[in-house]
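Asks: Once you've had a glance at the structure underneath, I'll fire off some questions.
The values are calculated or read from the model by the stated rules, or taken from the named source; none is laboratory data. Model, not experiment: these values are computed from the prediction. Methodologically, a virtual Cβ is constructed for each residue, glycine included, from the backbone with ideal geometry; neighbour enumeration extends over all protein chains shown. We work out accessible area using only protein heavy atoms, side chains counted, and drop any ligands, DNA or RNA first. Shrake-Rupley method; radii C 1.70, N 1.55, O 1.52, S 1.80 Å.
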Amino acid sequence: MTVFQFKEPARLDLSIIIVSFNTRDVLLDCLTSVYEQTEGISYEVIVVDNASCDDTPGAVSEIFTDVRLIRNDENKGFSVANNQGICQSAGKWIALLNPDTRLIENSFQNICGYLQEHSEFSILGPGIIDEKGQQSPTRLWEDTPSDAAWKILGLYNPNDELQRMADTKEALVISGCCFVIHRELFEEIGLLDENYFLYNEEDDFCRRAREQGKRICFFPETSIQHLLGKSTHQPEHREKVILEAYKSNLYFYSKYYSCGWNFILRSLYKFTFMVGLVRSAFRHLTGSATQSADDSLRLKLKLLFLP
């Protein structure tokens, strides 16, 4: 049964979709790397801009005339914006690429070639390296409720993933910073869940795919450079990122975890918000508070009393 219908049949090897929000400079670097490194396949680039106020759309349209640009008049979030691009795409494979990434080799030709030979995989994620060229820890397994609890308490060490990643080929989930999906999978299971404004959407999509018997590949034979935090740590928008990440987490927990675990995880969140509120209040009293979202009493109170 077809859940979603594309407007036109695939006529290209790959559609690369990039969602931007006030990431002008890193996005321009990303696009430069895509056009410099990608050869040997037919592809298109679609940029969906979420109402940036740093002239991102103007710069993209002036410098990269081949880019298909979708301009939103408000920030619609990651899932909605990607879905807009997916609906307009014409590639057999669709790559969801973060703006704070950079191609350092002809990764997309390598990926398309591998997927052409290995049709058993419906989703693929490449290796991820950091700014220093070191392999980044990439979670290839589902978050369990206990994992979520450790993350809420700040006791989860992502570097533990590096050891588990060795010799792993088939994954349960992959990193959302470069997420390559077969076009037909969208027709079978639908688009990204738009209840996620930011975060968890790739884990959700992978779970839905595996429920339909689809397989996911981790492909470290080629790597993408990820400049961690360039798009989500903008000081002027950090409060909204924290709020939306919290809401997305709660929605994810309610969708996939038991009622008991939902209660535990929500309680742990409230505990950490209360501790954070006390610490921030002390820093304000002693004059050592910063202007960042981490020391915002208003944000801590808002998080504490959100349902």
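Asks: Select from segment 111-163 the residues that are basic (K, R) and either closer than 30 Å to L265 by Cα or surrounded by 13 or more Cβ atoms within 10 Å (Cβ to Cβ) (or both) and write down the one among them that is farthest from the chain's Cα centre (by Cα).
Replies: Here the answer is K151.
Asks: Related question: Considering only residues that are of a type in the set (A, V, I, L, M) and either surrounded by fewer than 12 Cβ atoms within 10 Å (Cβ to Cβ) or modelled with pLDDT under 85 (or both), which ones fall in segment 260-280?
Replies: V278
Asks: Another one. Within segment 73-91, how many residues are over 19 Å from the mean Cα position of the chain (by Cα) and open to solvent by less than 50 Å² (accessible area, probe 1.4 Å)?
Replies: Result for segment 73-91: 2.
Asks: Could you say whether any residue in segment 47-64 is over 27 Å from N106 (Cα atoms), open to solvent by less than 30 Å² (accessible area, probe 1.4 Å) and in a strand (DSSP E or B)?
Replies: So far as segment 47-64 goes, yes, one or more of its residues are over 27 Å from N106 (Cα atoms), open to solvent by less than 30 Å² (accessible area, probe 1.4 Å) and in a strand (DSSP E or B).
Asks: Looking only at segment 98-123, filter to residues that are of a type in the set (D, E) and touching a residue at least 24 places away in the same chain (Cβ under 8 Å); which one of those is nearest to T38 (Cα to Cα)?
Replies: E105
Asks: Can you name the residue in segment 36-46 that is open to solvent by 40 Å² or more (accessible area, probe 1.4 Å) and outside any helix (DSSP H, G or I) and is also nearest to H237 (Cα to Cα) among such residues?
Replies: Only one residue tops the list, namely Y43.
Asks: List the residue pairs whose Cβ atoms are under 9 Å apart, where the first residue sits in segment 124-145 and is among the aliphatic types (A, V, I, L, M), the second is part of a loop (DSSP other than H, G, I, E, B) and open to solvent by 40 Å² or more (accessible area, probe 1.4 Å), and the two are 6 or more positions apart or on different chains.
Replies: Matching pairs, first to second residue: L124/H118; I128/P137; I129/I104; L140/L172.
Asks: Okay, next question. Does segment 164-187 hold any residues that are open to solvent by less than 60 Å² (accessible area, probe 1.4 Å) and not in a loop (DSSP other than H, G, I, E, B), and which are they?
Replies: Once the filter is applied, which keeps residues that are open to solvent by less than 60 Å² (accessible area, probe 1.4 Å) and not in a loop (DSSP other than H, G, I, E, B), segment 164-187 yields M165, A171, C178, F179, V180, I181, H182, R183, L185, F186, E187.
Asks: Is it the case, given these coordinates, that G113 is farther than 19 Å from A10 by Cα, small (G, A, S) and not in a loop (DSSP other than H, G, I, E, B)?
Replies: no
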